[in-house]
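Visitor: Just passing along the structure, written as structure tokens.
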Amino acid sequence: MLTDQIGVIFEQQQLFKYELRSSSALERIKKLSKLRKLIEDNEDLLYSALEKDLRKSRSEAAISEVLFIYGEIAFAIRHLRKWMKPRHVGRSMTNFFAKSTITYQPKGTALIISPWNYPFQLTMSPLISAIAAGNCVILKPSEHSPFTSAVIGEILTKAFDQREVACIEGEQAVSEALLELPFDHIFFTGSPAVGKQVMKAASRHLSSVTLELGGKSPVILDETADLKMTAHKVAWGKLINAGQTCIAPDYVLLPTNKLDEFVDYYLKAIKRMFFTENGQLDRTAYAKIINQKHAARLVSLIDSAIASGAKLLEGGQLTEDLTLNPALLIDVKADNAIMQEEIFGPILPIITYEHQDEAIALINGAEKPLALYIFSNNKSNIQYILKQVSSGGACVNDVLIHVSNPHLPFGGVNGSGLGSCHGQFGFKAFSHERAVMYQAKFSFSALIYPPYVKKNKVFKLLKRWI
């Protein structure tokens with residue numbers, strides 16, 4: 001029955017996309033403004049849902065989910081008219097009198113499949129881009145964050161006709177049914193393993209894709225790094241949302257002689273931010289693990305690391321309410337399971353190095369990360385690491401915050417993703433950049449038409465000018 005419902009909505013959107021194609025900037029801005037108003041009206045429901053799904057505090061949810069989306073909407077509204085304008089480009093010798101432009105045309109019908117870790121932000125962000133670009137959208141939020149998915153569904157039902165935007169909840173079978181359909185574009189956020197399945201499904205219809213995946217985002221410190229500042233920032237970036245963040249610092253690489261000092265600062269930082277004065281983990285500031293399956297995987301990674309010789313300096317205890325105490329591991333082997341897959345939890349492995357190129361080789365020996373974090377006060381060394389290591393994005397002397405700048409593209413490379421989002425980059429992800437040339441009454445084109453007898457001089461002249 002659900003498959004039939006999906007088919008009906010898809011066919012409605014296939015027809016409606018032609019009407020949306022000619023929508024003006026003002027019409028799209030009005031839709032984004034209406035969406036913002038409905039989010040504001042449902043803020044309390046959203047905060048309650050995020051608390052139920054992930055035990056996010058209202059403050060953390062505001063910063064990482066709701067305010068983030070208000071910023072995305074405001075940025076799109078402010079710049080949309082400029083984004084939509086045809087862009088005039090230069091001429092070449094063969095079309096010297098012609099006028100050439102690049103126009104932005106909606107791709108048509110888009111599928112957005114979003115994850116559970118930031119269930120509101122990572123659902124609404126690509127939706128804002130799709131609306132700004134003038135597309136119809138079917139949105140599939142995660143079944144693992146059901147309370148937030150339900151609120152999203154309520155908001156979108158009030159904001160849009162299902163011919164334009166439809167939210168379809170359900171288990172994995174729903175995603176599989178949706179991926180059978182010939183969407184014009186698919187935007188997926190999730191694991192690399194599932195990303196490969198999405199790309200395979202898209203290939204059957206030659207649908208374009210944006211894949212926001214993940215991977216092991218390293219932190220590399222050199223001898224000049226401010227260890228106290230670094231430890232504080234890494235602790236926050238690692239433990240926000242209990243480490244369930246696609247760009248969370250996954251592991252730390254630092255000089256051997258800096259280990260003890262960094263560990264001391266890191267432990268003090270997590271106590272200051274996430275523990276009460278009497279030494280108890282503050283559950284009002286520290287999120288829970290999403291479900292038992294994911295929690296068991298994280299505990300298994302800790303156990304495997306310890307069995308291979310790693311030392312657990314702090315935390316790692318899992319409680320009945322799916323709280324995993326912040327864990328710190330040292331003497332971690334590079335070939336251990338915890339270094340072979342994205343951790344996606346509050347566990348920080350530390351690996352020491354004697355020579356910086358050892359650390360760079362370790363990073364380059366794995367899949368390209370979604371984010372690279374460099375802590376250093378040596379400008380030339382920062383540039384050296386940036387040139388030596390490929391990553392989706394990079395942040396120097398901080399973590400996570402590059403995602404908050406809508407002027408920057410956000411996305412991975414190869415194993416960590418395909419394509420970019422946020423701001424104009426999100427608008428372009430859901431748009432086709434179409435080349436349009438307006439030929440003048442007089443042109444040089446006829447000079448290269450057959451017959452080619454006596455045209456050698458023309459070709460020689462073109463060769464000289466090109």
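Visitor: Contact list please: Cβ distance under 7 Å, first residue in segment 441-461 and within 27 Å of Lys99 (Cβ to Cβ), second residue part of a loop (DSSP other than H, G, I, E, B) and among the hydrophobic types (A, V, I, L, M, F, W, C), pairs at least six apart or on different chains.
Guide: Note: pairs meeting the criteria are Phe442/Phe97; Ser443/Phe97; Ser443/Ala98; Phe444/Phe96.
Visitor: Kindly provide the set of residues from segment 342-369 that are farther than 24 Å from Gln244 by Cα and assigned to a helix (DSSP H, G or I), ordered by number.
Guide: Gln356, Asp357, Glu358, Ala359, Ile360, Ala361
Visitor: Output the number of residues of segment 58-82 satisfying the condition of being surrounded by fewer than 18 Cβ atoms within 10 Å (Cβ to Cβ) and touching a Phe, Trp or Tyr at 6+ places or on another chain (Cβ under 9 Å). Please lay out each step first, then the result.
Guide: Of all residues in segment 58-82, those surrounded by fewer than 18 Cβ atoms within 10 Å (Cβ to Cβ) come to 58-59, 62-63, 67, 70-71, 74, 78-79, 81-82.
Narrowing further to those that are touching a Phe, Trp or Tyr at 6+ places or on another chain (Cβ under 9 Å): 58, 62, 79.
Number satisfying all stated conditions: 3.
Visitor: On to the next question. From Leu20, Leu32, Leu45, Leu38, grab the single residue that is over 18 Å from Gly153 (Cα atoms), assigned by TED's automatic domain parsing to the domain that holds Tyr118 and surrounded by 13 or more Cβ atoms within 10 Å (Cβ to Cβ). Walk me through how you get there before you give the answer.
Guide: Numbers: Leu32 fails: over 18 Å from Gly153 (Cα atoms); Leu45 fails: over 18 Å from Gly153 (Cα atoms); Leu38 fails: over 18 Å from Gly153 (Cα atoms).
From the options Leu20, Leu32, Leu45, Leu38, the qualifying one is Leu20.
Visitor: Filter segment 231-249 for residues that are assigned to a helix (DSSP H, G or I), out of contact with any Leu (no Cβ under 6 Å at 6 or more places or on another chain) and on the phi < 0 side of the Ramachandran plot and give the result.
Guide: The answer is Ala231, His232, Lys233, Val234, Ala235, Trp236, Leu239, Ile240.
Visitor: Go through segment 77-91 residue by residue and tally those that are free of Cβ contacts under 8 Å to residues at least 24 places away in the same chain and part of a loop (DSSP other than H, G, I, E, B).
Guide: Summing the residues that are free of Cβ contacts under 8 Å to residues at least 24 places away in the same chain and part of a loop (DSSP other than H, G, I, E, B) in segment 77-91 gives 3.
Visitor: Could you please let me know if Lys333 is farther than 30 Å from Gly411 by Cβ, in contact with a helix residue (DSSP H, G or I) (Cβ under 9 Å, 6 or more places away or on another chain), part of a loop (DSSP other than H, G, I, E, B) and charged (D, E, K, R)?
Guide: Against the criterion (farther than 30 Å from Gly411 by Cβ, in contact with a helix residue (DSSP H, G or I) (Cβ under 9 Å, 6 or more places away or on another chain), part of a loop (DSSP other than H, G, I, E, B) and charged (D, E, K, R)), Lys333 qualifies.
Visitor: Which condition number in (1) free of Cβ contacts under 8 Å to residues at least 60 places away in the same chain; (2) over 26 Å from Lys228 (Cβ atoms) is the one that Glu358 fails?
Guide: (2)
Visitor: Taking the stated definitions as given, is Glu169 in contact with a Ser or Thr (Cβ under 9 Å, 6 or more places away or on another chain) and assigned by TED's automatic domain parsing to the domain that holds Leu46?
Guide: Yes.
Visitor: The conditions are (1) over 30 Å from Arg21 (Cβ atoms); (2) touching a Ser or Thr at 6+ places or on another chain (Cβ under 8 Å); (3) modelled with pLDDT of 75 or more, and Leu462 fails exactly one of them. Which is it?
Guide: The failed condition is (3).
Visitor: Next question, about the same structure. Is it the case that some residue within segment 250-270 is in a helix (DSSP H, G or I), charged (D, E, K, R), within 28 Å of Thr323 (Cβ to Cβ) and in contact with a Pro (Cβ under 9 Å, 6 or more places away or on another chain)?
Guide: No, segment 250-270 contains no residue that is in a helix (DSSP H, G or I), charged (D, E, K, R), within 28 Å of Thr323 (Cβ to Cβ) and in contact with a Pro (Cβ under 9 Å, 6 or more places away or on another chain).
Visitor: Does Ile290 satisfy being farther than 21 Å from Pro192 by Cβ and either in a strand (DSSP E or B) or in contact (Cβ under 8 Å) with a residue 60 or more places away in the chain (or both)?
Guide: In short, no.
Visitor: Another question about this same structure. Taking segment 195-219, which residues are over 23 Å from Pro106 (Cα atoms), surrounded by fewer than 23 Cβ atoms within 10 Å (Cβ to Cβ) and of a type in the set (Val, Ile, Thr)?
Guide: none
The values are calculated or read from the model by the stated rules, or taken from the named source; none is laboratory data. Note that this is a predicted model, so its numbers are computed, not measured. A quick note on method: Cβ atoms are made from the backbone with ideal geometry, for glycine too, and the neighbour counts reach across all protein chains shown.
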